[in-house]
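Below: one structure, written as structure tokens.
The values are calculated or read from the model by the stated rules, or taken from the named source; none is laboratory data. Keep in mind it's a predicted model, so treat the numbers as computed, not measured. A quick note on method: Cβ atoms are made from the backbone with ideal geometry, for glycine too, and the neighbour counts reach across all protein chains shown.
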Amino acid sequence: MLTRIISGAVGVVIMAGVLYCHDTLVLPIAVAAMVAIMLYELLRAVKMEKCLPILAAVEACGIAMPLIYSKYYYIKKNFKDGEGCYVGKSLEIAGEYTVIAFGITLAAAFVVFVTWLRKHKEIRYEQVFFSLASMVLVPQAMSTMVRIDRMDEEHGLFLLILGLCGAWIADTGAYFSGVALGKHKLCPEISPKKTIEGFIGGILSTGIVFAIAFGVHYDDLGIGAAAFVIGMVCAVIGTVGDLSASMVKRQIGFKDYGKIMPGHGGLMDRFDSVLFVLPTFYMLIVLFNFMDFHILSV
């Protein structure tokens, strides 16, 4: 238990340092490093970490994504157009960087398939498609940290912190609700300790925390009501992510994805639900802003 507490405290300190420097290159570089570790853990889970061409292609693609998105938002922020064509130029820049990201992903996939053709007697299709799915899901999901932070100069950091905490708030609420009220198992074959009562408690606690945090930060009860809905949706999605990662570990026969955080496992063990929550949180923020809740200042 002591090891777990110390390891968690170190992780919090590192994360706090990264968030303190959120408006510099520190954030995208840190996200790229996290993506690299998480991809290695996933490839190791399906015994692909020793296939160097596939490992290199997947890692290169993953590391590139947060750096590409960071560069896009930097150019967008500093773009000045005296002719009043900002929106059109912004869309043009976004299109260019989308093509770059797609091209890198396509090139990495090409390397994976060529390597599979060369080593088809050693590599099974399950390993190939798991590697490809990881290469797309993990970098895109984790790069949402950069998207959320840079999408709004005034509120970006607040939104990023709350988005990251969303999954962990749900876990904490579910744990205490499950201990106090839990009687009915949610998915006993995948996660024996999760209960339906804990699941509901996690949903409600996340909604309440989001409502209070948004309401206080924006000083607007209307936004607090919208945040309650966002929090509940994120809690549900986070549980799906957590159970999905647990199911993969059970089918593979792993206890933890890695050992980088003693007592906690690997980064995938800590950020499995975040992979689902952050993109959902980002989408809902944009959606609610279009519905005139004015969560964003831009």
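Laid out as a table, the results:
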| quantity | calculated |
| --- | --- |
| Output for the range 151-195, where each listed residue is surrounded by 21 or more Cβ atoms within 10 Å (Cβ to Cβ) and without any contact (Cβ under 8 Å) to a residue 12 or more places away in the chain | none |
| Of all residues making up the range 229-284, the number that are of a type in the set (Phe, Trp, Tyr) and either surrounded by fewer than 18 Cβ atoms within 10 Å (Cβ to Cβ) or not in a helix (DSSP H, G or I) (or both) | 2 |
| Scope the range 199-226; condition touching a residue at least 40 places away in the same chain (Cβ under 8 Å), small (Gly, Ala, Ser) and either in the same structural domain as Leu42 (by TED's automatic domain parsing) or surrounded by 20 or more Cβ atoms within 10 Å (Cβ to Cβ) (or both); matching residues | Ala226 |
| The range 96-131, subset within 21 Å of the chain's Cα centre (by Cα) and in contact (Cβ under 8 Å) with a residue 60 or more places away in the chain, residue surrounded by the fewest Cβ atoms within 10 Å (Cβ to Cβ) | Phe130 |
| Per-region count, the range 55-95, residues modelled with pLDDT under 70 and not aromatic (Phe, Trp, Tyr) | 19 |
